[in-house]
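The values are calculated or read from the model by the stated rules, or taken from the named source; none is laboratory data. What you see is a predicted model; the values in this text were computed from it and never measured. Cβ atoms come from the backbone with ideal geometry, glycine included; neighbour counts cover every protein chain shown.
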Amino acid sequence: METESETRRNETGSDRRGRDVVVVGGGVAGLSAAVFTARHGLDTLVVDAGGSVLRRNARLENFPGFPGGVDARRLLDLLGEQVDTAGADRIDGRVTRVERLDAPPEDGDGGARRFAVETESGDRFAAAHVVAASKNGVGYLTDLAGVDVLDRGKAYLDADERGRTGVEGLYAAGRLARKPHQAAVCAGHGAEVGVTLLEDADRPFYHDWVAPDGYFTDRGRDLPPGCEEIDATERRERAADGRETMQSSFADPHPDPQETHPSLEE
């Protein structure tokens, strides 16, 4: 039977409703950005062409929270599940073009749908914001006026430290924003880009924090945007769910064969 995650991942572009956010790329930067935008209620779609370079990594030894290291493929799988849990959708596909819409559709929660995102298979999505997290792939942005591509032997987008490009509503995350080739750094930058997007969209946001019951309200404070309080019962239930997820995820070796550099494959 197909799991909920697989159902999301196998969606097609027949769902052509506008999106608040389209993330191009399913590596750690893109997935981290999607977690933050989706958890805060923006309708988020991740378009993943596959082939994340992280899957070639035999073992991640310096990712925070894993003192014994972690299988890089398992980490990506878990990030994908986290995106699903946050409420975003994921599809397999290669984005071939992003262009401005002359007459944007009506606003969604995240603002005017000012971009059209097209995939290789002919799917087309309107989006208020686009997060480019496609490592060094920039060909799909060549028709978008105002994009500044930097050639440093590989292609990067000119963006500020928080991922904003010269095109309003277009962000660059991770390696595409010239961040170091480290999974932890790119994941963190993806999260920062997600938060930056929320701020630019005028979405009330304090920080993504689950606090103990009464942490704010017992001090006479309103619950800040982006936060929630949970009681002891809810805390125990979430902790049990988290343990079950992690135990089942790491109970067996990753089922896929280890990938290597494409030039070494027969």
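Tabulated data
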| quantity | calculated |
| --- | --- |
| Residues located in region 129-158, provided they are among the basic types (Lys, Arg) and within 18 Å of Gly25 (Cα to Cα) | Lys135, Lys154 |
| Pair list, Cβ under 8 Å, 6 or more apart: region 170-185 residue under 26 Å from Glu99 (Cβ atoms), other residue among the aromatic types (Phe, Trp, Tyr) | Leu170/Phe115; Ala172/Tyr156; Arg175/Tyr156; Leu176/Tyr156; Ala177/Tyr156; Arg178/Tyr156 |
| Failed item, numbered, when Ala183 is tested on (1) more than 25 Å from Ala29 (Cβ to Cβ); (2) in contact with a strand residue (DSSP E or B) (Cβ under 7 Å, 6 or more places away or on another chain) | (1) |
| Given (1) closer than 20 Å to Val46 by Cα; (2) free of Cβ contacts under 8 Å to residues at least 12 places away in the same chain, index of the condition Thr165 fails | (2) |
| Options Thr196, Thr233: the member that is out of contact with any strand residue (DSSP E or B) (no Cβ under 6 Å at 6 or more places or on another chain), polar (S, T, N, Q) and in contact (Cβ under 8 Å) with a residue 24 or more places away in the chain | Thr196 |
| Only listed residue being assigned by TED's automatic domain parsing to the domain that holds Gly122, in a strand (DSSP E or B), surrounded by 20 or more Cβ atoms within 10 Å (Cβ to Cβ) and at pLDDT 95 or above, chosen from Val35, Val47 | Val47 |
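Matching residues to (1) touching a helix residue (DSSP H, G or I) at 6+ places or on another chain (Cβ under 8 Å); (2) under 18 Å from Leu60 (Cβ atoms):
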{"site": "Arg221", "(1), (2)": "no, no"}
{"site": "Ile230", "(1), (2)": "yes, no"}
{"site": "Arg235", "(1), (2)": "no, no"}
{"site": "Arg238", "(1), (2)": "no, no"}
{"site": "Gly242", "(1), (2)": "no, no"}
{"site": "Met246", "(1), (2)": "no, yes"}
{"site": "Pro262", "(1), (2)": "no, no"}
